[in-house]
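Everything below concerns the one structure shown next.
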Amino acid sequence: MDFDADYEMTIDGLSAEKRLTFSAINPATEAVIAEVPEATAEQLDRAVAAARRAFPGWSATPIERRQELISRIGDCIEAHAEEFMRLLTREQGKARAGAEWEIGGSIIWCREIAKQSLAVHVVEKTSVRSVETRRVPLGVVGAITPWNFPVLLAIWKIAPALVAGNTMVLKPSPHTSLCTLKLGEICRDILPPGVLNVVSGGNDLGAQLTTHPDVNKISFTGSTATGRKIMAAASSNLKRITLELGGNDPAIVLPDVDVKETAKALFWAAFQNSAQFCVAAKRLYIHEDIYDELAGALVDYAATVNVGDGAHQGVDLGPIQNGIQFEKLKALLADSKAAGDRFLTGGEIVEGPGFFVPISIVDNPAEDSRVVTEEAFGPILPLLKFRDIDDVIARANDTQYGLAASVWSKDLKRARAIAERLEAGTVWINEVHSFSPHVAFGGHKQSGIGIENALEGLTEYTNAQTIIATQPEAVSA
């Protein structure tokens, strides 16, 4: 299996012909690294039809067998881990440590989700009557994945959907299709034909998938703006939806923290994966008593972090993944400068090959400025002063988003009280970015609908079916 060539879609367990193509770009060099197949409408129809044909047999397959095969996908990723990591860096840009985190997580998710199942809930059980609710699969799932974690977030959808008995048509981001196409290829030898189909293409293909009449559910990870469009499109046949969308995640730092130690943790909370992370700390609220000290510690730590081509040894953070996002960040920096904001570090982009944005820390900008109210999705972090707890909680909650947040303090009781008042699906205390296949993850407000991971996430790929049975003699009596 060649990870450096032969990028093909998978439809009905076979390689699909490459009729149209578009270019995959290495974001660190802006060089074309491959030609990616672009699915036609007819090929999408074939993929959905294959998934629908495969559904009766797959859903009837004992769950123990489905679990075994999903776990085997994890084994196969592990066997090709080095190839996946190298390709992931080439197409996504992340440095080696980030690639290891993502591919390692994908392996763990396959194995752990494969251990999950949904029990039948017995409401009533007598000699003459039984009432029980069981979970049944939905049918064909259309999955659409983003460009920041293309492998891991695909597995977040594949594993629970298939364990629950559904079949799938998976469309990766056009910016990061290559690893996902290879994932589809390795699954050809594991799964029955049609159970997992992988098609690549642009926004038009995503729109066709979300409106397709034979797709029963859409699971999407991406921007809130696109999520709204998907929700509207899914109404055509009342598709079920799971939407994991944007965030503008606040971090609140109380004055009792160990500043140096906390600065390092907060740096990675904000800048991991070059801040291309839906749950990155995007607004850092620092108590005014330690504001200057913590700001200085963040700047000092940032000076030790190397930004560059993720394929090079010693690089900690890679480029912005694509030119579209790069231009958005350039515009955001320009707006912040025009507003008179002071940058403690960064702020200036050096033109050259690659979509590189320096680590940029903004000193206490206005609360209503774009750099505070918008999700940057790149390495631009505003630091904001506060003194009053009620005030900072109100400021943290003053957003359309509600994905995640964090609170930092030595006083766990006080931190917990603050956490419980934050409007977010996940709130970390003195840590960040800890996920588990067994911990529910989902957004509040316009950060999403539904849950991923845990049994709640598995339930998202099912319908409830209640069966009520009475003995015939009891009816006649």
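Only the coordinates and a few stated rules stand behind these numbers; no lab work does. Keep in mind it's a predicted model, so treat the numbers as computed, not measured. Reconstructed Cβ throughout: ideal geometry from the backbone, glycine too, with neighbour counts over all protein chains shown.
Some points to look at:
- Histogram of C-alpha separations across region 346-436, 10 Å bin width, %: 14, 40, 32, 12, 2
- Neighbour cut-off at most 15 other Cβ (10 Å), DSSP loop, GluC sites (Glu not before Pro), region 302-360: E348, E351
- Nearest-20 debye value, the chain charge dipole, Cβ charges on Lys, Arg, Asp, Glu: 1420 debye
- For a straight C-alpha distance cut-off of 14 angstrom, the aspartates and glutamates reachable from K18 (same-chain residues fewer than eight places away being disregarded) are D6, E8, E35, E38, E42.
- Relative contact order (%) - the chain, alpha-carbon pairs under 8 angstrom, separation at least six: 19 percent
- For the chain, Kirkwood radius (reciprocal of mean inverse C-alpha pair distance, Å): 23.4 Å
- Directionally averaged projected area (region 12-160, Cα convex hull): 11.6 nm².
- The angle between the Cα long axis of helix 178-187 and the longest principal axis of the Cα atoms of the chain comes to about 30 degrees, rounded to the nearest 10.
- Cα-based shape type of region 249-429, given that a ≥ b ≥ c are square roots of the gyration tensor eigenvalues and the cut on a/c is 1.5: prolate
- Taking every DSSP beta bridge that has both ends in the chain, the antiparallel portion is near 40%.
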